[in-house]
Amino acid sequence: MNAVWIVDDDQSIRWVLERALSREGFDVRAFSSARDCLTAFDLDAPQVLVSDIRMPGESGIELLQKVKLRRPGMPVIIMTAFSDLDSAVSAFQGGAFEYLPKPFDLPKAIELIRRAVEESEREAAAEETVLETPEMLGQAPAMQEVFRAIGRLSQSNVTVMITGESGSGKELIARALHKHSPRGAQPFVALNTAAIPRDLLESELFGHERGAFTGAQQMRRGRFEQAEGGTLFLDEIGDMPAELQTRLLRVLSDGHFYRVGGHQPQKANVRVIAATHQNLEERVRLGLFREDLFHRLNVIRLRLPALRERVQDVPLLARHFLTRSARELGVETKRLSDEALLRLGAFSWPGNVRQLENVCHWLTVMAPAQTVEPKDLPPEVQAAVPWTDARTSGAPPGGAPSAMPAPAGAEATHPASGSPTPAFAGAAAPMSAAAADTFAEPVGARVGGFAGASGFANGQGAAGGYLPTDAGFAARDGAARGAAPSRGGWATLLESEVAQMLAAQSARGGEPPAASDVMDQLTRTFESTIIRTALRHTRGRRIDAALRLGIGRNTITRKIQDLHLEDD
């Protein structure tokens, strides 16, 4: 929509801003008073409001207050020719996005309005996420498979085993399985078998009779009876003592159990869902877990991916946790800058989703500004992910996109040294030697109407491919000069290309041309290559590509249209 409303009693200001913003592709409406603007609010609303502060009738501050009551997330820019402290303080206290003193530089004003539009879009996405309040979040293919499995099991009472690392959300999956099952209206009872002392675990599970042991002054119902008709979730089942494994096996086999100290069998009508972070097959092989119990529990197995295996979910989860933390603490929700999101996406998250939730709670309390920058992140994130690594993580040399993240604990081999390097979240497979040769091989293509630019766009012209590696640029640059390969990288090749184009102009005769398109050709080729590569890396997701490139959503949409990339 890109709707911007301007409120100013000065007709010349309205005219200048309306013309300038319309040229930039914004849908602009102008009002001469706050009253007219508020009347229009009854029928429609903009993404951004730009208002003068001193006008006949209601002031811009009063307009700001009323707009914030109706649309709390809408960015409002206050402008005034009276640049006094009280006006600025009043504007910011009222929730203004920015304060713009007159006279202002028009390009800077337009850029400020563009930033406000992008902020409005982020606020709208955040509000939509809050309103939906899903029980689980995940756009990664691995999580979508988990969601499908929950759907397939929605009409079943079958026993399920959930595996996954600590903090990955196994209990959430168990609760979802229960909620969407025929037993959803009945109790869900969770028990962490590793958190209960082994002497008390039997009583916790099966209950006890009065006088069964010292201190048992009355009969107590165990978790099996508490979950009657519903679901019993046994977390960390791999840590269950051997003697209790036998009793649990009997319950799963014939549906009966005895309370501790009891002689009357109890009937168990319970669905059991178990979870563990351990390799139960290995524990069976070592004799630490009963094989027959393993097969009783392992009817349907769901593997929950670690957070580093679904890095595309980090922004979504982070915004969700920041919103929830702000609601719990009664403060305004913090926002993550694009650079901070890149840092979080490049972190390995050994504590998985639970660690991300804790980091978001820490940021809500400790981050000094409303927008969280990389410098505001916890020290462990900053120390583990240097900024240069964060900007390049998830892409191999040359910018080739990753099809799938590397599995946990996997190792990749560096193409140059042949030595193994640890894989990390979102990392793609390294480039093969053959691919590296392809990037370094000269290609005689024409790009944007001039020859010799194939190195710049990897031989794919304005339609572009991936940016070559520094090694490829250096090798080609060295070959052109008849010298040893340079380490100047793509900037050196660009310098050489510009020199060739300017030399070609001079060869056509004498004076410089009246109108040269050298800069335009190179800029279009450069931008086409970068945007297309980012879109391939994100599988066509424009917002994700914009975040990774550090530009706004409107900017990437406008560039795609201007560069005719829609049909690629």
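The values are calculated or read from the model by the stated rules, or taken from the named source; none is laboratory data. Only a predicted model underlies this, so the values are computations on that prediction, with no experimental measurement involved. We place every Cβ from the backbone using ideal geometry, glycine too, and count neighbours over all the protein chains shown. These area figures cover heavy atoms from the full protein model, side chains too; ligands, DNA and RNA do not enter into them. Shrake-Rupley method; radii C 1.70, N 1.55, O 1.52, S 1.80 Å.
Could I have the simple spin-label model distance between Ser156 and Arg327, label points 7 Å from Cα toward Cβ, reported in nm to one decimal?
The modelled label-to-label distance comes out at 3.2 nm.
Can you tell me the length gained on complete extension of the stretch Asp199 to Arg539, counting 0.36 nm per residue apart and subtracting the Cα distance?
Working: separation 340, 0.36 × 340 = 122.40 nm, distance 5.38 nm.
Residue separation times 0.36 nm, minus the Cα-Cα distance, leaves 117.0 nm.
How large is the convex hull of the C-alpha atoms of segment 174-239 per residue, in Å³? Before the final figure, lay out the partial values.
Details: hull volume 5.2 nm³, N = 66.
Spelled out: Cα convex hull of segment 174-239, divided by residues, is 78 Å³.
Heavy-atom accessible area per residue, segment 146-281, 1.4 Å probe: how many Å²? List each step's numbers first, then the result.
Details: 6270 Å² over 136 residues.
Heavy-atom accessible area per residue stands at 46 Å².
Please sort 229-239, 192-202, 371-381 by packing, taking for each peptide the average over its residues of neighbouring beta carbons within 10 angstrom, highest first. Don't jump to the answer; show the numbers that get you there.
Numbers: 229-239: 21.3, 192-202: 14.0, 371-381: 16.4.
Taking the mean over residues of other Cβ atoms within 10 Å, the ranking is 229-239, 371-381, 192-202.
Would you mind getting me the FRET efficiency between Gln245 and Met219? Use the beta-carbon distance for r and R0 = 22 Å, nearest 0.05. Numbers along the way, then the final one.
Working: r = 25 Å, r/R0 = 1.14.
It comes out at approximately 0.30.
Tell me the label-point distance for the pair Asp42, Arg54, using the 7 Å Cα-to-Cβ offset, in nm and rounded to one decimal.
Calculated label separation equals 3.1 nm.
Could you sort the peptides 318-327, 248-257 by per-residue average Cβ neighbour count (10 Å cutoff), highest mean leading?
Values: 318-327: 19.2, 248-257: 15.7.
For the peptides 318-327, 248-257, the packing ranking is 318-327, 248-257.
How many nm is it between the label spots at Asp292 and Gln370, if each spot is 7 Å from the Cα in line with the beta carbon?
Going by the 7 Å Cα→Cβ label model, 6.5 nm.
Ignoring ligands and nucleic acids, what accessible area does Phe213 show with a 1.4 Å probe (Å², nearest 10)?
90
Accessible area of segment 293-349 with a 1.4 Å probe: how many percent of it is carbon plus sulfur?
Ligands and nucleic acids excluded, carbon and sulfur give 48 percent.
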